[in-house]
Amino acid sequence: MNKLWYAYVGWVIAAALLGFALSMTFAGVLRLPRNLYLIPYIGISGLFFYAYVRWSGSSILELIRHNWVWGLVGAVVLALFMIKNVLSQPISPRSNGFPLFLDLLWSGVTYGMTDALLLTVLPVFATWQAFTLLNWTANWPGKILVGVIALLASVLVTAAYHFGYPEYRGAGMVGPVIGNTTMTLGYLLTNNPLAAIFSHIAMHITAVLHGPASVLQLPPHY
């Protein structure tokens, strides 16, 4: 089995390339409005994550059930931190009534969950599976080392994805990398992906309510 560890690493690299290609093509080149941009981003990213789950033979239900209480605790703590950050940014107009409900589902829940799966859950989980095959996670020093590698894998995918947006090149990259790294740490410390998924969704929902045209966490902006 050890000879297969690099295949898992390949999925992390593929996730980085996919994220960059999607944001570069549909936001950087085609400059699609956010609601339209999210159609290929969510659709293709979702299929990619599903393909990884099928390929790896992973049980998502088992992954979520493991340490789920700590995952929820981590989600609450991280959500409070992320919400505070969003509310510190400029306010901009939002929709009302039924359009607002749709925005909350689309740009809030679905967009937030997709970001969490692509930028955090997949790179962390794949990295952990890769080095488990190499028996690196058999003791605490090994687990800590693999945790650091998994964190760096998430940073790689996050940076590649955001580099496809013109608005994040240069100093603009710092905010998304710090924010997602914080949520990835929550996943690693609680050993449950709910910490990253729910905090990411909470961040996006707050952004939709606070200022979809001005908040950093809701690209693209033109």
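The values are calculated or read from the model by the stated rules, or taken from the named source; none is laboratory data. Computed from a prediction, not measured in an experiment: that's the story for all the values here. Virtual Cβ from ideal backbone geometry, glycine too; neighbours counted across all protein chains shown.
Observations on the model:
- Residue list for the stretch 83-99, restricted to those being touching a residue at least 24 places away in the same chain (Cβ under 8 Å) and either among the aliphatic types (A, V, I, L, M) or closer than 16 Å to residue 216 by Cβ (or both): 83, 85, 86, 87, 89, 90, 91, 92, 94
- Residue 49 being farther than 22 Å from residue 205 by Cβ and touching a helix residue (DSSP H, G or I) at 6+ places or on another chain (Cβ under 6 Å): no
Rundown of residues vs (1) aromatic (Phe, Trp, Tyr); (2) at pLDDT 95 or above; (3) part of a helix (DSSP H, G or I); (4) touching a strand residue (DSSP E or B) at 6+ places or on another chain (Cβ under 9 Å), yes/no style:
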position	(1), (2), (3), (4)
79	no, yes, yes, no
92	no, yes, no, no
104	no, yes, yes, no
109	no, yes, yes, no
115	no, yes, yes, no
123	no, yes, yes, no
135	no, no, no, no
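- Scanning the stretch 165-222 for residues that are of a type in the set (S, T, N, Q), under 24 Å from residue 17 (Cβ atoms) and in a loop (DSSP other than H, G, I, E, B) yields a single hit, 217.
- Among the candidates 65, 31, 54, the residue that is in contact (Cβ under 8 Å) with a residue 60 or more places away in the chain and charged (D, E, K, R) is uniquely 31.
- Considering the stretch 156-170, and only residues there that are farther than 16 Å from residue 12 by Cβ and hydroxyl-bearing (Ser, Thr, Tyr), the residue that is surrounded by the fewest Cβ atoms within 10 Å (Cβ to Cβ) turns out to be 165.
- Of the candidates 142, 97, 147, the single residue that is on the phi > 0 side of the Ramachandran plot and more than 16 Å from the chain's Cα centre (by Cα) is 97.
Yes or no, residue by residue, for (1) under 14 Å from residue 75 (Cα atoms); (2) among the polar types (S, T, N, Q); (3) without any contact (Cβ under 8 Å) to a residue 40 or more places away in the chain:
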{"residue": "168", "(1), (2), (3)": "no, no, no"}
{"residue": "176", "(1), (2), (3)": "no, no, no"}
{"residue": "186", "(1), (2), (3)": "yes, no, no"}
{"residue": "194", "(1), (2), (3)": "yes, no, no"}
{"residue": "199", "(1), (2), (3)": "yes, yes, no"}
{"residue": "203", "(1), (2), (3)": "yes, no, no"}
{"residue": "207", "(1), (2), (3)": "no, no, no"}
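- Qualifying position, being in contact with a Gly (Cβ under 7 Å, 6 or more places away or on another chain) and either more than 26 Å from residue 168 (Cα to Cα) or loosely packed, with under 15 Cβ neighbours inside 10 Å (or both), among 39, 91: 91
- Flag if residue 18 is surrounded by 14 or more Cβ atoms within 10 Å (Cβ to Cβ) and either hydrophobic (A, V, I, L, M, F, W, C) or over 17 Å from the mean Cα position of the chain (by Cα) (or both): yes
- Residue satisfying condition, being more than 16 Å from the chain's Cα centre (by Cα) and surrounded by fewer than 13 Cβ atoms within 10 Å (Cβ to Cβ), within set 5, 55, 70: 55
- So residue 153, is it assigned to a helix (DSSP H, G or I), surrounded by 18 or more Cβ atoms within 10 Å (Cβ to Cβ) and either free of Cβ contacts under 8 Å to residues at least 24 places away in the same chain or touching a helix residue (DSSP H, G or I) at 6+ places or on another chain (Cβ under 6 Å) (or both): yes
- Selection from the stretch 196-211 of residues that are within 11 Å of the chain's Cα centre (by Cα) and among the polar types (S, T, N, Q): 199
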